[in-house]
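Student: First the structure, which I've put down as structure tokens, then a few questions once you've had a look.
The values are calculated or read from the model by the stated rules, or taken from the named source; none is laboratory data. Please read all numbers here as calculations on a predicted model, not as lab measurements. Reconstructed Cβ throughout: ideal geometry from the backbone, glycine too, with neighbour counts over all protein chains shown.
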Amino acid sequence: MLGMNAPFQNGLTIDARDVTVRFGTFTAVNKVNLTVSQGEVFGLLGPNGSGKTTLIRGLCGLLPFAEGVATVLGRDVTAESEAVRSQIGYMSQKFSLYEDLTARENMDFYSGIYGLSPAKTHERQDFLIELSGLAPYMERRAGRLSGGWKQRLALVCALLHEPKLIFLDEPTAGIDPVARRDLWNLLFRLSAEGISLVVTTHYMDEAERCARVGYIYMANLLAVGTPADLKKLPGVTPLGTRWLEIFGTDSAALLEKLRGNLRVQQATIFGQSIHALVEADATAADLGVGSARVVDTEPSLEDVFVTISRAQAMNTNA
Amino acid sequence: MMNNGFSMQRMLSVARKEFLHIIRDPATLFFALFIPVLELFMLGYAINTNVSNVPTVIFDAANTKDSENLVRAFENSKDFRIVRQVYSDLDVSQAIVAGKAKVGIIIPQDYSKNLESRRTAYLKVIVDGSESNVAAEAINVSNALALRDSLQRIIGSQFLPVEVSPQILFNPDTRSANFFIPGLMVVMCQMMAIMLSANAIVREKENGTLEQLFMTPVKAPELILGKLIPYLVLTFVEFCTILFLMRTVFQVPIAGHVLTLLALTLPFVFAMLGLGLYISTRVGTREAAGQMAMGTMMPSIFLSGYVFPLDSMPWPFWYIAQVFPTTWLIDAARGVILRGAGWRELWIHSAVLWSMGIFSFALAMMKFHKRLT
Ligand SMILES: Nc1ncnc2c1ncn2[C@@H]1O[C@H](COP(=O)(O)OP(=O)(O)OP(=O)(O)O)[C@@H](O)[C@H]1O
Ligand SMILES: [Mg+2]
């Protein structure tokens, strides 16, 4: 129902080359190179203000590129912005439907504005209401929906015109875990239909679910790859170091101790345990963790992002 | 594959949505419709530049038959209302200083004596000049009364040789309501149109919904026109309401055709809505839009001839006034309502207003880009 689409010349849904966005003299996105293939769920991560939203807006044609070119769905974003926009869906970071209109009125409005015929409107709305489970809430004002349903409504409105690519800017921010899981299940269904998705998030568990992940830090895309690839990046586990997971009874005290140890480069709480980057030859005794259980582990995605951000910060400061 | 033309469907979708916003916000709707009507009543009843019933005190020091006749003459004129008879010059000035009276008339002790001995008898009229039109009128009327009395004394019982019989065209009672309300109607209409439309796009900017709209195939003319339609309807409803109240409550006769007036109002409302939408595209917040709307409205209210007659303005202002659509519609509205003017007299107004309407509309559209900056 969502419609399969033929691949483009190079099979890439997004092909961005050296794209740069500036606000005056401030560079919000710096020479970013990025590809997304058809049906891929691409996760975009990065701290607040790193440029995720700006990059997405640029790729949607909402902001002009100061440098670089981006081909989206086989068309140049700058030159054919209208044509590109008509085939992509965009769910902005801030809830941006009309709160004083009901869910149905919002859907009707977007159906009309996308120029769907009455028959098509009917078909799409029925399908998407079914898909999202919004049926009981259709007559409710959008502003009175709970966070999770608001996001589902926003997604549905962005899907009415059968886009082949959807940008979702922090779709799960501020919604409960169950609603988050439901929304992700919805996203995977779309992906299975061949729709490409670009999702920004601050949640590591969501990043793990993405086929590929990009990490932006201070306007620069520092790393791109599958979560597994990112964990194997040489910069994340420098020569002569290894990652340990340490299970102790008092994690807070343990963390204090580890951070004070010269053979420990980095340590963070990770759920019930602690992840630490230590010198390869350091033993449990060297670390002074006492009776705590210590096992070798691979870095988490969070470890990856923290480590490469630090390296980058040191580079720019040096 | 892409449809590049103007889409009626998209425009109507926008219009429908905008209508929903309006009815979902009854407070705004109520104030938009009700405040102008309230102002009509306030201004319609309060503003009365016709001078009548000026509170007056009289000190008749002569206290003779002649002076009594004179007092009666003042009493009988509609212009004065004798609030008190006082018994000293001081009382007269005190009454005026205290604001109890605007005019004091003092008939000196020697009034009758002078008349009898065929010397000029003086009549002292003290006028509070703080309200200039009242003062001027009081002086005029007392002069007229005195002159009439003098003439009658000189020529005796013969009829007066010359008498002016003024015939005032178009506003026979020289009622100020007749002059004011057509202007008020235009000004209210302007205020409502600009205020409503100045918020139209800025609201979407503030709520972030504009960004979402940019992603759709909607085009500037579809969006601008679509937003304009509901406001156009609303403004016309308001205009007709005021017109109706003007005719029924304030008894202002309409000499010309209502349809002529409505046909002239259409391009005016276009111009105002276009201006409001232009403001809306330029600013980022509703406050800024409100201020800018006020800023454009004020000069047009003062220079449009709504309050101060255009003909008595210094010439540079006269030229500036011609730039405001308000000036043209006020003139046209007074023309239709008071003078019964028709297309033969008003075609130029129509041409000017249409040009202004199209211009401001085009300006709003040109300044609207589907891009964030
Ligand atoms: N319109 C604008 N004008 C000027 N600067 C802007 C504008 N939009 C964003 N910026 C700046 O660009 C930088 C990147 O912002 P952006 O919104 O892309 O970050 P983000 O990664 O989406 O952050 P968050 O996680 O908080 O959503 C920030 O420093 C922000 O202040
Ligand atoms: Mg953001």
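Student: Among the residues in region B:305-316, are any modelled with pLDDT of 85 or more and surrounded by 15 or more Cβ atoms within 10 Å (Cβ to Cβ)?
Tutor: no
Student: Taking the condition within 16 Å of ligand 1 (Cβ to nearest atom) and touching a Gly at 6+ places or on another chain (Cβ under 9 Å), does A:LYS164 pass? Talk me through it step by step, then tell me what you get.
Tutor: On the way: within 16 Å of ligand 1 (Cβ to nearest atom): no; touching a Gly at 6+ places or on another chain (Cβ under 9 Å): yes.
No, not satisfied.
Student: Yes or no: A:GLN125 surrounded by fewer than 21 Cβ atoms within 10 Å (Cβ to Cβ), among the polar types (S, T, N, Q) and within 16 Å of ligand 2 (Cβ to nearest atom)? Break it down stepwise before answering.
Tutor: On the way: surrounded by fewer than 21 Cβ atoms within 10 Å (Cβ to Cβ): yes; among the polar types (S, T, N, Q): yes; within 16 Å of ligand 2 (Cβ to nearest atom): no.
Taking the combined requirement at face value, the residue does not satisfy it.
Student: Here are the criteria: (1) under 21 Å from A:ASN185 (Cα atoms); (2) among the hydroxyl-bearing types (Ser, Thr, Tyr); (3) in contact with a Gly (Cβ under 9 Å, 6 or more places away or on another chain); (4) within 11 Å of another protein chain (Cβ to nearest Cβ). Tell me which single one A:SER37 does not satisfy.
Tutor: Result: A:SER37 fails condition (4) only.
Student: Hey, could you check region A:22-32 for residues that are within 14 Å of chain B (Cβ to nearest Cβ) and either in a strand (DSSP E or B) or within 16 Å of ligand 2 (Cβ to nearest atom) (or both) and say which is farthest from A:GLY11 (Cα to Cα)? Working first, answer last.
Tutor: Step one: list which residues in region A:22-32 are within 14 Å of chain B (Cβ to nearest Cβ), which gives A:22-24, A:26, A:28-29.
Now drop any that are not either in a strand (DSSP E or B) or within 16 Å of ligand 2 (Cβ to nearest atom) (or both), which leaves A:22-23, A:26, A:28-29.
Working: A:ARG22: 29, A:PHE23: 32, A:PHE26: 34, A:ALA28: 28, A:VAL29: 25 Å.
Of everything passing the filter in region A:22-32, A:PHE26 is farthest from A:GLY11 (Cα to Cα).
Student: Would you point out which residue out of A:ALA28, A:ALA16 is more than 14 Å from ligand 1 (Cβ to nearest atom) and either modelled with pLDDT under 95 or not assigned by TED's automatic domain parsing to the domain that holds A:TRP184 (or both)? First the steps, then the outcome.
Tutor: Numbers: A:ALA28 fails: more than 14 Å from ligand 1 (Cβ to nearest atom).
Step by step, each of A:ALA28, A:ALA16 is checked, and only A:ALA16 is more than 14 Å from ligand 1 (Cβ to nearest atom) and either modelled with pLDDT under 95 or not assigned by TED's automatic domain parsing to the domain that holds A:TRP184 (or both).
Student: Only one of (1) more than 16 Å from A:PRO171 (Cα to Cα); (2) away from ligand 1 (no atom under 13 Å from the Cβ) is not met by A:VAL21, so which one is it?
Tutor: (2)
Student: If A:SER92 satisfies all but one of (1) within 14 Å of ligand 1 (Cβ to nearest atom); (2) without any contact (Cβ under 8 Å) to a residue 60 or more places away in the chain; (3) within 22 Å of B:VAL202 (Cα to Cα), what's the number of the condition it fails?
Tutor: A:SER92 satisfies every listed condition except (2).
Student: Given the options B:ASN69, B:ASN63, B:ASN114, name the one that is assigned to a loop (DSSP other than H, G, I, E, B) and assigned by TED's automatic domain parsing to the domain that holds B:ASN140. Spell out how you get there, then give the answer.
Tutor: Details: B:ASN69 fails: assigned to a loop (DSSP other than H, G, I, E, B); B:ASN114 fails: assigned to a loop (DSSP other than H, G, I, E, B).
That would be B:ASN63, the only listed residue that is assigned to a loop (DSSP other than H, G, I, E, B) and assigned by TED's automatic domain parsing to the domain that holds B:ASN140.
Student: OK, next. Output the residues belonging to region A:64-89 that are crowded, with 22+ Cβ neighbours inside 10 Å and within 16 Å of ligand 1 (Cβ to nearest atom).
Tutor: Result: A:ALA70, single match.
Student: Could you pull out the residue among A:ALA207, A:ALA179 that is within 16 Å of ligand 1 (Cβ to nearest atom) and either buried (at least 19 other Cβ atoms within 10 Å of the Cβ) or not in a strand (DSSP E or B) (or both)? Steps first, please.
Tutor: On the way: A:ALA179 fails: within 16 Å of ligand 1 (Cβ to nearest atom).
That would be A:ALA207, the only listed residue that is within 16 Å of ligand 1 (Cβ to nearest atom) and either buried (at least 19 other Cβ atoms within 10 Å of the Cβ) or not in a strand (DSSP E or B) (or both).
Student: Also, I was wondering about something else. For region A:95-106, how many residues are more than 8 Å from chain B (Cβ to nearest Cβ) and within 23 Å of B:GLU206 (Cβ to Cβ)? Write out each step before concluding.
Tutor: The first filter runs over region A:95-106 and keeps only residues more than 8 Å from chain B (Cβ to nearest Cβ), leaving A:102-104, A:106.
Going one step further and asking which of them are within 23 Å of B:GLU206 (Cβ to Cβ), we end up with A:102-103, A:106.
Here the count works out to 3.
Student: Here is a follow-up. Pick out the one residue from A:ALA173, A:ALA219, A:ALA192 that is under 13 Å from the mean Cα position of the chain (by Cα) and not charged (D, E, K, R). Steps first, please.
Tutor: On the way: A:ALA219 fails: under 13 Å from the mean Cα position of the chain (by Cα); A:ALA192 fails: under 13 Å from the mean Cα position of the chain (by Cα).
Just one listed residue meets the conditions, A:ALA173.
Student: Return the pair list, or none, for Cβ contacts closer than 8 Å from residues in region B:1-29 that are more than 8 Å from every other protein chain (Cβ to nearest Cβ) to residues that are at pLDDT below 85, at least 6 apart or on different chains.
Tutor: B:ILE22/B:THR28; B:ILE22/B:LEU29; B:ILE23/B:LEU29
Student: Let me ask something additional. Specify the residue that is farthest from the other protein chains (Cβ to nearest Cβ); the eligible residues are those in region A:182-204 that are surrounded by 22 or more Cβ atoms within 10 Å (Cβ to Cβ) and within 13 Å of ligand 1 (Cβ to nearest atom).
Tutor: A:THR201
Student: If a residue has to be away from ligand 2 (no atom under 16 Å from the Cβ) and in contact (Cβ under 8 Å) with a residue 40 or more places away in the chain to count, how many in region A:35-87 make the cut? Talk me through it step by step, then tell me what you get.
Tutor: Residues of region A:35-87 away from ligand 2 (no atom under 16 Å from the Cβ): A:35-41, A:61, A:64-87.
Checking the rest, the ones that are also in contact (Cβ under 8 Å) with a residue 40 or more places away in the chain come to A:36-41, A:64-74, A:86-87.
Final tally of qualifying residues: 19.
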